[in-house]
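Could you have a look at this structure, given as structure tokens, before my questions?
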Amino acid sequence: NPYAGLVSRLRASWLSEKTRPMEYRMAQLEALGHFLDEKKQDIVEATASDLGRAAFETELSEILLCKNELHETLNNLSRWMKDEHVDRTLAMQLDSAFIRKDPYGVVLIIAPWNYPTSLFLAPLIGAIAAGNCVIIKPSEVSKKMERLVAEALPNYLDKDCFAVVTGGVQETTRLLENKFDYIFFTGIPPVGRIVMAAAAKHLTPVTLELGGKNPCYVSDTCDVTNVARRVAWGRFFNAGQTCVAPDYLLCTLEMQEKLIPALQKAIKDFYGPNPQESPDFGRMVSDKQFQRIRALLGSGRVAIGGQTDEAERYIAPTVLVEVQPSDPIMQEEIFGPVLPIVVVANMNEAIDFINSRERPLAIYAFSSDDKVVNQVLERTSSGGFCGNDTLMHMTLSSLPFGGIGNSGLGMYHGKFSFDTFSHRRGCLKRGMGREPLNGPRYPPYSQQKLGVVRAASRVTRPDACTLL
């Protein structure tokens, strides 16, 4: 295997305990901060080349989010690393019982192309903070960013403990043949299954950050202008290539009639009369993605947009109406600047529709009535939830980010990243003396001994009493 030597070298570094001291972890995290500061313009330019993305969107979604993750981790790492002492029974009051946060070992992070900086850096911050050695596999689809990561990042991190591997499907497949101690993958469910199957051969734990069709319910009682602006921003940010973007709207026919002109105005306000000329609207990352999205435009009827330009990989901000649940666009995650509207009779029908499909990465609900938002929250299941806005829940490092079921397995961001890459090791330390206290648990057994052991070891309810 072409990567066996690399994995072995990193495992030897991990076994040397080089990554365990807090000072080492802090130094590597500080180095990531230098990478972000010194290569910021290169990141902006590479992402603009790969995705046609505006510098504003890159600074917000990649640079700022990563700096927040980094500062949150640096500010709290010493506290996160401390042993967590736990409750003890009467029999162990003189002992020490605690949870030790151990690193897993050699970790593999496989990143996607849509946010090619933050979606490898955010998990990398957690993996380093937890004391692991890491191999990073950036996406080959975002070519300029892949080259930047491969050439620049090793100059900032310890080469004995961190490495970048480039390449496509063949290289990733060979990489996955090696035994890792943890695998973190961000991508689509079909590839997630392949990663999980490869991990299963070595009984390697995984985090899978996948996607899904994120529903957005809009009730009849809401500020239509605000809804349109927040939905349009979330759907068309990064040209719709966002795993938590609202994938489709659910609303009544009456609300659809109000939303169409409001969405049209929001799109014009954001990108001008011709979004193709706007410096703030991105492009499809590849010809393959362009062709896939263009094919989906045949679902329903185009109410807004619909224009395409293959030479630029441009697809206009588009809204589709008269969309049926059986249409092709409702069978897969869109991952492009197209927003279908599915008409429902009421909130209950919307909730039934959501619950009849795979559990998504995010659910959005808009209403001026908080009871409606709470009903959607309480009666559905998803990786995350955001009421009366889109995308914003994932900007808080204090909230876990991850999917459920088809949309993923595990979570990260902030302390949740540190926890993901840490094995919580249950530890008990007892003294060598006081042996008579252990007498009741040793043979020969008796009912009297059982009563003593039971009384000393049981966990009771507040209103319970103990009889010896």
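Let me cross-check Leu320: its accessible surface, 1.4 Å probe, with only protein heavy atoms counted, in Å² to the nearest 10?
The accessible area comes out at roughly 0 Å².
Which of the listed residues, Leu10, Leu51, Leu263, is farthest toward the dipole's positive end in the chain, when Lys, Arg count +1 and Asp, Glu count -1 at the beta-carbon?
So the residue we want is Leu10.
Calculate the spin-label point distance for Lys18 paired with Gln93, positioning each point 7 Å from the Cα along the beta-carbon direction, and give it in nanometres.
Result for the modelled spin labels: 4.8 nm.
Counting only heavy atoms of protein chains, what accessible area per residue, in Å², does the chain have with a probe of 1.4 Å?
On the way: 21320 Å² over 468 residues.
I get 46 Å² per residue for this part.
At 0.36 nm per residue, minus the direct Cα-Cα distance, what do Lys201 and Asn274 gain on full extension? Give it in nm, one decimal, please.
On the way: separation 73, 0.36 × 73 = 26.28 nm, distance 5.17 nm.
21.1 nm is the gain from fully extending Lys201 to Asn274.
Now for a separate question. Calculate the spin-label point distance for Arg454 paired with Asp309, positioning each point 7 Å from the Cα along the beta-carbon direction, and give it in nanometres.
8.1
If one takes the longest principal axis of the Cα atoms in the chain, at what angle in degrees, from 0 to 90 and to the nearest 10, does the Cα axis of helix 4-15 lie?
Result, in degrees: 50.
Using amide H atoms built 1.01 Å from N in the peptide plane, name the residues 5+ places from Ala303, or on other chains, whose amide H lies under 5 Å from its own.
Hits under the 5 Å cutoff: Val319, Leu320, Val321.
In whole angstrom, and with the biggest value first, how far do the Cα coordinates of region 341-468 range along each principal axis?
Projected onto its principal axes, the Cα set of region 341-468 covers 73, 33, 25 Å.
To the nearest 20 Debye, how big is the dipole of the chain about its Cα centre, given +1 on the beta carbon of each Lys and Arg and -1 on that of each Asp and Glu?
Numbers: 51 positive and 53 negative charges, 448 e Å.
Computed charge dipole of the chain: roughly 2160 debye.
Next up: Compute the length gained on full extension between Glu358 and Leu396: take 0.36 nm times their separation in residues and subtract their Cα-Cα distance, giving the result in nm to one decimal.
Values: separation 38, 0.36 × 38 = 13.68 nm, distance 2.52 nm.
Taking 0.36 nm per residue and subtracting the Cα distance, the gain is 11.2 nm.
Using Cα centres only, tell me the gap between region 309-380 and region 417-432 in whole Å.
Their Cα centres are 42 Å away from one another.
So what's the angle, to the nearest 10 degrees on a 0 to 90 scale, between helix 143-152 and the longest Cα principal axis of the chain?
40
In terms of solvent-accessible area of protein heavy atoms at a 1.4 angstrom probe, what is the ranking of Met81, Met411, highest value first? Mind dumping the intermediate values first?
Working: Met81 45, Met411 85 Å².
The residues order as Met411, Met81, largest area first.
Give me the percent of DSSP beta bridges within region 215-404 that run antiparallel, rounded to the nearest 5.
Numbers: 5 of 21 bridges.
Expressed as a percentage, antiparallel bridges in region 215-404 total about 25.
How big is the Cα convex hull of region 215-404 in projection, averaged over all directions, in nm²? Each step should come with its number before you reach the end.
Working: hull surface 40.5 nm².
So the mean shadow area of the Cα hull is 10.1 nm².
What figure, in Å² to the nearest 10, do you get for the accessible area of Cys133 with a 1.4 Å probe and non-protein molecules left out?
0
Taking 0.36 nm per intervening residue step and subtracting the Cα-Cα distance, what contour gain separates Met432 from Arg292 on full extension? List each step's numbers first, then the result.
Working: separation 140, 0.36 × 140 = 50.40 nm, distance 6.80 nm.
Extending this stretch completely gives an extra 43.6 nm.
Follow-up question, since we're still on this one. Relative to the longest principal axis of the chain, what angle (0 to 90°, nearest 10) does the C-alpha long axis of helix 370-379 take?
60
Counting DSSP beta bridges in the chain, what percent are antiparallel, to the nearest 5?
About 35 percent, rounded to the nearest 5.
Sticking with this one: Rank Leu450, Met92, Pro400 by how far each Cα sits towards the positive end of the charge dipole of the chain (+1 on Lys, Arg Cβ; -1 on Asp, Glu Cβ) and give me just the farthest.
Toward the positive end, the furthest listed residue is Leu450.
As a test of reading the structure, rank Glu38, Glu140, Glu435 by solvent-accessible area (1.4 Å probe, protein chains only), most first.
Numbers: Glu38 120, Glu140 65, Glu435 90 Å².
Ranked from most to least accessible, the order is Glu38, Glu435, Glu140.
Moving on to the next point. Taking Cα extents along the principal axes in Å as the quantity of interest, determine which of (i) 76, 52, 52; (ii) 85, 56, 38; (iii) 98, 93, 38 was computed from the displayed structure.
It is the one labelled (ii).
If you place +1 on the Cβ of every Lys and Arg, -1 on the Cβ of every Asp and Glu, and leave all else neutral, what size is the dipole of region 215-404 about its Cα centre, to the nearest 20 Debye? Write out the running numbers ahead of the final one.
Details: 16 positive and 23 negative charges, 53 e Å.
So the dipole magnitude of region 215-404 works out to roughly 260 debye.
A further question follows. Between region 181-222 and region 237-303, how many Å separate their Cα centres?
24
What value, in deg cm²/dmol to 500, does the helix sum -39500 (n - 2.57) over DSSP H runs of n ≥ 4 give at 222 nm once divided by the residues of the chain?
-12000 deg cm²/dmol
The values are calculated or read from the model by the stated rules, or taken from the named source; none is laboratory data. Since we're looking at a predicted model, the values are computed, not measured. Here the Cβ is made from the backbone with ideal geometry for all residues, glycine too, and neighbour counts use every protein chain on show. Protein only, heavy atoms only, side chains kept; ligands, DNA and RNA dropped before computing areas. Shrake-Rupley method; radii C 1.70, N 1.55, O 1.52, S 1.80 Å.
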